[in-house]
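The values are calculated or read from the model by the stated rules, or taken from the named source; none is laboratory data. A quick note: this is a predicted structure, and the numbers were derived from the prediction, not measured. All Cβ positions, glycine included, derive from the backbone under ideal geometry; neighbour counts span all protein chains shown.
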């Protein structure tokens, strides 16, 4: 039997839907999210991106050939040199300085998901780690598509989160999502049913932790 990424989302349909359609995501699309909740999310997302970079550094170490090495290295460079810098600039627009970000304590939801990803990568191989990261990279792309289809989504200057919405619907991000799905599809195609069951557990757990991350932002939880 040949598996694909969509088999993971189908196996975890309830969790995936709860993540993709979370109240935080709905309120972002509608422009009704409390600004302090969004600021809290932005701060913690900075810390998440730092650990995301660490995960790709681990992926470099775990690479077994030049193709994997180049793929992991490009991911690391994109996060550190592009995504983090863009995030810092965006935080400034919301009144959050780089020194504020440097002094942040981690919320429990941030620690839970990021350490889960790193632990999964340490225990397993590249596929394990990419499956643990998929709710973030692939999920944000699917969330953007879902938001675009909703009648309550507000666009333009009427939505204070318009720039966030545009970030994840951009051609660059959507292409990155498609590339990650293609990478996963290639590797999932050869796994055994037993191995797929293990990966499904990883994907479900990671998705649940992403749900907690949205809820952390909504509740402004420490």
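Quick notes
- Subset of the range 177-202 (residues that are crowded, with 17+ Cβ neighbours inside 10 Å and more than 13 Å from residue 4 (Cα to Cα)): 177, 202
- With respect to the conditions (1) more than 14 Å from residue 51 (Cβ to Cβ); (2) surrounded by 13 or more Cβ atoms within 10 Å (Cβ to Cβ); (3) over 17 Å from the mean Cα position of the chain (by Cα), residue 101 lacks only one, and its number is (1).
- Among residues that are modelled with pLDDT of 90 or more and under 30 Å from residue 34 (Cα atoms), residue 68 is not included.
- Whether a residue is buried (at least 19 other Cβ atoms within 10 Å of the Cβ), in contact (Cβ under 8 Å) with a residue 40 or more places away in the chain and in contact with a helix residue (DSSP H, G or I) (Cβ under 9 Å, 6 or more places away or on another chain) was assessed, and residue 95 does not pass this test.
- Residue 46 falls short on exactly one of the conditions (1) surrounded by 13 or more Cβ atoms within 10 Å (Cβ to Cβ); (2) under 29 Å from residue 220 (Cβ atoms); (3) at pLDDT below 95, and that condition is (3).
- Cβ-Cβ under 6 Å pairs, at least 6 apart or on other chains, the range 178-200 side without any contact (Cβ under 8 Å) to a residue 60 or more places away in the chain, far side part of a helix (DSSP H, G or I): 180/137; 180/138
- Cross-chain or 6+ apart pairs with Cβ under 6 Å, the range 159-170 first and in contact (Cβ under 8 Å) with a residue 40 or more places away in the chain, then in a helix (DSSP H, G or I) and crowded, with 18+ Cβ neighbours inside 10 Å: 161/28
- Count of the range 87-121 residues which are in a helix (DSSP H, G or I) and closer than 24 Å to residue 212 by Cα: 21
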